[in-house]
Amino acid sequence: MKKFSVLIAGGGSTFTPGIILMLLDNLDKFPIRKINFYDNDKKRQETIAEACKIILKERAPEIEFNYSIEPSEVFTDIDFVMAHIRVGKYPMRELDEKIPLKHGVLGQETCGPGGIAYGMRSIGGVIEIIDYMETYSPNAWMLNYSNPAAIVAEATRVLRPKSKVLNICDMPIGTETRMANILGLSSRKDMVVKYYGLNHFGWWTDIRDKEGKDLMPKLKEHISKNGYLPKETEDRQHMDPSWVETHLKARDVYLTDPDSLPNTYLKYYLFPDYVVEHSNPDYTRANEVMDGREKHVFGECKKISELGTAKETTLHTDVHASYIVDLARAIAFNTKERMLLIVENNGAIVNFDSTGMIEIPCLVGSNGPEPLVIGKIPQFQKGLMEQQVSVEKLTVEAWIEGSYQKLWQAITMSKTVPSARVAKDILDDLIVANTGYWPELK
């Protein structure tokens, strides 16, 4: 079986060790000959990379490993670029969340003004990585799960339309795993799902087992009472408080359209007042991550380097990492696996913008994704999606043109923002906070 070379762009990410562990767990299905890391933060990447070097030496010493902040050293001879960058890292995420809250608007990583701010930082970084890939390994595929995925996907559609980039998100995968647990199934792969929407903005319309049995009634019964939380309280103990609340709120989001099951992120658009009321403006999700995941992963990586072994580590694989392996396998071996991807509509949803980047099931093979036809969607979802896709398009246009006007329009149009005046006040604060990260706006 052919062996592949992989570059992880965002080598200093807290998610990188989990991806390495998942790749190692799947070497029988996706053989690897080389793994490279790339990041523009030398110190941060070095901490993660030195620990991963030990993990690889202990578990798969035959795999070549390199890391660098110089693109020419690590992008050459690569089959797959797995990109999960965070421009500005967690301190900028904290500002994305806290600045809107100061104005009475929800602060969230990918939704509302915070997501727009993050998108304005991410576009340039993702395009830069695509260009490195095409310069040094023109036949490679880029599996991009850098957030905010919706804005980034629109930017790649407009700015690099011919590039071999697949935009993906792990959020529906995590929810489907919860669904499988609710149903008592061993894996989400025991389900066949129909889903449509935008990234972090979608609905499941049909879920069946491999024999064709309808699983929606049982799921709806559970979700109407518990959201996506397990019935057993003890299973919630290892979840951050913000995620417990998010999964529980799905029961209220579900009531807005009981014919489908919602993506949990819809709470930010349908219940923004509730989110603001239940937010701590001094301690947001970014603070949870910095005090939790960030400290744990970097602490573990430093310990591995000090001890010279990873045999007792508490680092673990991530849900989204397994999805990336499946996607790479689908391309490498033409498996035609059915997967959710963010793709240009092109008529898959017949009554929606043909250029909108939608999230739907696709059959994935060596030539990329083949989107499945969704057909006509209901007016409620259509109206919400048209508003949100316009936010995404205006944001990308604002980045390309350096347009203050279009970015103001984008924030004004977000369903999370109550007025154009509030949108302008938030935008002006975000411009100051993002000096050096955004293009200059005129």
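The values are calculated or read from the model by the stated rules, or taken from the named source; none is laboratory data. Just so we're clear, the structure is a prediction, and the values are computed from it rather than from any experiment. Note that we place each Cβ from the backbone using ideal geometry, even for glycine, and neighbour counts take in every protein chain shown. The accessibility values were calculated without ligands, DNA or RNA, using every heavy atom of the protein model including side chains. Shrake-Rupley method; radii C 1.70, N 1.55, O 1.52, S 1.80 Å.
Let me confirm something: among TYR132, TYR118, which residue is open to solvent by 30 Å² or more (accessible area, probe 1.4 Å), assigned to a helix (DSSP H, G or I) and touching a Pro at 6+ places or on another chain (Cβ under 6 Å)?
Numbers: TYR118 fails: open to solvent by 30 Å² or more (accessible area, probe 1.4 Å).
Every option except TYR132 fails the conditions.
Checking GLY292 against (1) within 28 Å of ARG208 (Cβ to Cβ); (2) modelled with pLDDT under 95: exactly one of these is not met. Which one?
Only one criterion is unmet by GLY292, namely (1).
Quick check, is ALA49 open to solvent by less than 10 Å² (accessible area, probe 1.4 Å) and farther than 28 Å from TYR437 by Cβ? Before you say what the answer is, go through the steps one by one.
Numbers: open to solvent by less than 10 Å² (accessible area, probe 1.4 Å): yes; farther than 28 Å from TYR437 by Cβ: no.
No; evaluated as a whole, the condition is false for this residue.
Identify all residues within the range 1-40 that are part of a loop (DSSP other than H, G, I, E, B) and either open to solvent by less than 40 Å² (accessible area, probe 1.4 Å) or within 12 Å of PHE298 (Cβ to Cβ) (or both); write none if there are none.
Going through the range 1-40, the residues part of a loop (DSSP other than H, G, I, E, B) turn out to be 1-3, 10-15, 26-31, 39-40.
If the condition is that a residue be part of a loop (DSSP other than H, G, I, E, B) and either open to solvent by less than 40 Å² (accessible area, probe 1.4 Å) or within 12 Å of PHE298 (Cβ to Cβ) (or both), then GLY10, GLY11, GLY12, SER13, THR14, ASN26, PHE30, PRO31, ASP39 are the ones that fit.
Is the range 424-438 home to any residue that is closer than 24 Å to MET142 by Cβ and either in contact (Cβ under 8 Å) with a residue 12 or more places away in the chain or not β-branched (Val, Ile, Thr) (or both)? Write out each step before concluding.
Initially, the range 424-438 is screened for residues closer than 24 Å to MET142 by Cβ, giving 437-438.
Those still in the list that are either in contact (Cβ under 8 Å) with a residue 12 or more places away in the chain or not β-branched (Val, Ile, Thr) (or both) too: 437-438.
The answer is yes, given that some residue of the range 424-438 is closer than 24 Å to MET142 by Cβ and either in contact (Cβ under 8 Å) with a residue 12 or more places away in the chain or not β-branched (Val, Ile, Thr) (or both).
Give just the number: which of (1) assigned to a helix (DSSP H, G or I); (2) touching a helix residue (DSSP H, G or I) at 6+ places or on another chain (Cβ under 9 Å); (3) at pLDDT 95 or above; (4) open to solvent by 10 Å² or more (accessible area, probe 1.4 Å) does ASP77 not satisfy?
(1)
Pull up the range 313-328, narrow it to residues that are at pLDDT 80 or above, out of contact with any Leu (no Cβ under 8 Å at 6 or more places or on another chain) and among the hydroxyl-bearing types (Ser, Thr, Tyr), then point me to the one that is surrounded by the fewest Cβ atoms within 10 Å (Cβ to Cβ).
Of the residues in the range 313-328, the ones at pLDDT 80 or above are 313-317, 323-328.
Add one more test, that the residue is out of contact with any Leu (no Cβ under 8 Å at 6 or more places or on another chain), and what stays is 313-314, 323, 326.
Subset that is among the hydroxyl-bearing types (Ser, Thr, Tyr): 313-314, 323.
Working: THR313: 17, THR314: 9, TYR323: 22.
Filtering the range 313-328 for residues that are at pLDDT 80 or above, out of contact with any Leu (no Cβ under 8 Å at 6 or more places or on another chain) and among the hydroxyl-bearing types (Ser, Thr, Tyr), the one surrounded by the fewest Cβ atoms within 10 Å (Cβ to Cβ) comes out as THR314.
Being more than 24 Å from SER5 (Cα to Cα), at pLDDT 95 or above and within 19 Å of the chain's Cα centre (by Cα) is true for just one of GLY383, GLY356, GLY347, GLY375. Which residue is that? Working first, answer last.
Values: GLY383 fails: within 19 Å of the chain's Cα centre (by Cα); GLY347 fails: within 19 Å of the chain's Cα centre (by Cα); GLY375 fails: within 19 Å of the chain's Cα centre (by Cα).
Step by step, each of GLY383, GLY356, GLY347, GLY375 is checked, and only GLY356 is more than 24 Å from SER5 (Cα to Cα), at pLDDT 95 or above and within 19 Å of the chain's Cα centre (by Cα).
Residue by residue, here is whether (1) open to solvent by 30 Å² or more (accessible area, probe 1.4 Å); (2) of a type outside the set (S, T, N, Q) holds:
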{"position": "VAL276", "(1), (2)": "yes, yes"}
{"position": "PRO281", "(1), (2)": "yes, yes"}
{"position": "THR284", "(1), (2)": "no, no"}
{"position": "VAL297", "(1), (2)": "no, yes"}
{"position": "ILE304", "(1), (2)": "no, yes"}
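Within the range 205-223, restricting attention to residues that are over 16 Å from TYR195 (Cβ atoms) and not acidic (Asp, Glu), which residue is surrounded by the most Cβ atoms within 10 Å (Cβ to Cβ)?
HIS222
In the range 156-183, what residues are among the small types (Gly, Ala, Ser) and either closer than 20 Å to TRP204 by Cβ or surrounded by 24 or more Cβ atoms within 10 Å (Cβ to Cβ) (or both)? Walk me through how you get there before you give the answer.
Filtering the range 156-183 for residues among the small types (Gly, Ala, Ser) gives 163, 174, 180.
Across the range 156-183, the qualifying residues are GLY174, ALA180.
For ALA410, which of the numbered conditions (1) touching a helix residue (DSSP H, G or I) at 6+ places or on another chain (Cβ under 9 Å); (2) touching a residue at least 60 places away in the same chain (Cβ under 8 Å); (3) surrounded by fewer than 18 Cβ atoms within 10 Å (Cβ to Cβ); (4) assigned to a helix (DSSP H, G or I) fails to hold?
Result: ALA410 fails condition (3) only.
Looking at (1) over 30 Å from LEU427 (Cβ atoms); (2) surrounded by fewer than 17 Cβ atoms within 10 Å (Cβ to Cβ); (3) of a type in the set (Gly, Ala, Ser), which is the only condition SER354 fails?
Failed condition: (1).
List the number of the failed condition for LYS336; all other conditions in (1) crowded, with 20+ Cβ neighbours inside 10 Å; (2) in contact with a helix residue (DSSP H, G or I) (Cβ under 8 Å, 6 or more places away or on another chain); (3) within 30 Å of SER366 (Cβ to Cβ); (4) at pLDDT 95 or above hold.
Status for LYS336: all satisfied but (1).
Looking at the range 54-74, which of its residues are open to solvent by 40 Å² or more (accessible area, probe 1.4 Å) and in a loop (DSSP other than H, G, I, E, B)? Write out each step before concluding.
Narrowing the range 54-74 to residues open to solvent by 40 Å² or more (accessible area, probe 1.4 Å): 57-59, 61-62, 64, 66-67, 69-70, 72-73.
Within the range 54-74, PRO61, GLU62, ILE69, GLU70 meet the criteria.
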